[in-house]
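A short write-up of the structure that comes next.
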Amino acid sequence: MIPPVVRVPRLACTPKGAQAGERAIPEETPVAIVHNGSTYAVMMATPADLEDFGIGFSLTEGVIDRLADVEDLELLEFDEGVEVRLWINAERAGQMVARRRQIAGPTGCGLCGVESLELAVKPARAVGAGRVFAPADISRAIAALPPAQLLNHATRAVHAAAFWEPEAGLVAVREDVGRHNALDKLVGHLVRQPRMATENPASRGIVLLTSRVSIEMIQKTAMLGASVLVAVSAPTALAVRTAEAAGITLAAIARDDGFEVFTHPQRIATGGSNTETVPHVA
């Protein structure tokens with residue numbers, strides 16, 4: 001399989017002069033998601049955790065509802081890139097949406113090939129009640145993420161998506177040059193765990209993002225069933241409106257010194273009197 005990291009020659013220029021050397025950088029390759037022999041999308045992605053990517057992307061796109069809808073999966077490497085071939089059961093295949101994204105998109109492009117404005121801003125799936133977290137939980141979760149970003153430590157050029165639980169700590173981390181891809185890989189990994197067949201543990205933890213929060217990140221988080229999303233960067237206004245409607249607690253700009261809650265603050269036990277007064281973004 002194509003290595004996710006390569007070393008390339010570079011010339012480092014500083015006030016002290018120029019020095020030749022090498023730099024580790026992430027690979028970026030076309031990855032085609034193929035359902036029952038038909039290409040659904042071609043995304044530029046980091047060639048790692050591609051089985052997770054195929055499952056997660058298919059789920060967040062609504063092509064499948066659950067892991068059991070996938071009868072087989074295989075990876076095929078070509079000179080041009082990688083195909084993730086999924087074989088969907090006949091019942092689900094007959095319900096596949098007519099929309100196809102049969103174009104190549106830029107890195108992690110979440111909306112390439114969408115054929116209507118309605119599809120671009122479709123409401124996110126409503127999530128369940130979930131659980132309440134203390135502010136210290138959010139801080140612990142964010143603090144646990146940087147040491148686990150191994151690919152980013154090597155390259156300083158990739159996004160991460162992770163899942164954290166108070167009892168278990170950091171459950172999983174997935175990285176990619178595309179922020180949407182990283183989240184799809186995380187979703188795919190989580191739904192492939194045995195306990196997902198009988199319960200929805202995503203409602204018991206926190207999805208963590210190193211990127212900004214756009215509408216697609218809310219939609220994908222909702223498809224997983226997670227009720228709390230925390231990001232180190234800010235959200236867009238549309239992401240805030242979408243999270244509000246889906247029932248997701250959205251916290252962002254999470255740093256060592258705190259974070260900001262934009263929607264459904266009732267899941268953050270601040271102990272203050274203003275937890276229900278976050279205004280809706282019109």
Got at least one residue in the range 215-227 being part of a loop (DSSP other than H, G, I, E, B) and either of a type in the set (S, T, N, Q) or crowded, with 24+ Cβ neighbours inside 10 Å (or both)?
yes
Can you tell me which residue within the range 192-214, out of those that are at pLDDT below 95 and among the aliphatic types (A, V, I, L, M), is surrounded by the fewest Cβ atoms within 10 Å (Cβ to Cβ)?
ALA197
Could you give every pair whose Cβ atoms fall below 8 Å, whose first residue belongs to the range 6-28 and is acidic (Asp, Glu), and whose second residue is assigned to a strand (DSSP E or B) and surrounded by 10 or more Cβ atoms within 10 Å (Cβ to Cβ), counting only separations of at least 6 or pairs across chains?
GLU22/ARG7; GLU22/ARG10; GLU27/VAL5; GLU27/VAL6; GLU28/MET44; GLU28/ALA45; GLU28/THR107
What about ILE142, is it assigned by TED's automatic domain parsing to the domain that holds LEU209, in contact with a Lys or Arg (Cβ under 9 Å, 6 or more places away or on another chain) and either modelled with pLDDT of 90 or more or of a type in the set (A, V, I, L, M, F, W, C) (or both)?
yes
Just one of the numbered conditions (1) assigned to a helix (DSSP H, G or I); (2) under 10 Å from the mean Cα position of the chain (by Cα); (3) among the small types (Gly, Ala, Ser) is not true of SER211; which one?
(1)
Taking only the range 191-208 into account, find how many residues are assigned to a loop (DSSP other than H, G, I, E, B) and among the basic types (Lys, Arg).
1
For the range 231-282, enumerate the residues that are at pLDDT 95 or above, in contact with a helix residue (DSSP H, G or I) (Cβ under 6 Å, 6 or more places away or on another chain) and β-branched (Val, Ile, Thr).
THR242, THR249, THR263
Of the conditions (1) within 18 Å of ILE248 (Cα to Cα); (2) surrounded by 13 or more Cβ atoms within 10 Å (Cβ to Cβ), ALA129 clears all except one; give me its number.
(2)
Identify, from the list THR14, THR46, the residue that is over 28 Å from GLY225 (Cβ atoms) and among the hydroxyl-bearing types (Ser, Thr, Tyr).
THR14
Among the residues in the range 173-182, are any part of a loop (DSSP other than H, G, I, E, B) and buried (at least 18 other Cβ atoms within 10 Å of the Cβ)?
yes
Taking the range 1-28 and keeping only residues that are small (Gly, Ala, Ser) and either assigned by TED's automatic domain parsing to the domain that holds THR107 or exposed (fewer than 14 other Cβ atoms within 10 Å of the Cβ) (or both), one is left with ALA12, GLY17, ALA18, ALA20, GLY21
Considering every residue within the range 136-156, establish whether at least one is crowded, with 18+ Cβ neighbours inside 10 Å, among the hydroxyl-bearing types (Ser, Thr, Tyr) and assigned to a loop (DSSP other than H, G, I, E, B).
no
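The values are calculated or read from the model by the stated rules, or taken from the named source; none is laboratory data. The structure displayed is predicted, hence computed values, not measured ones. As a convention, Cβ positions derive from the backbone with ideal geometry for all residues, glycine included, and neighbour counts pool all protein chains shown.
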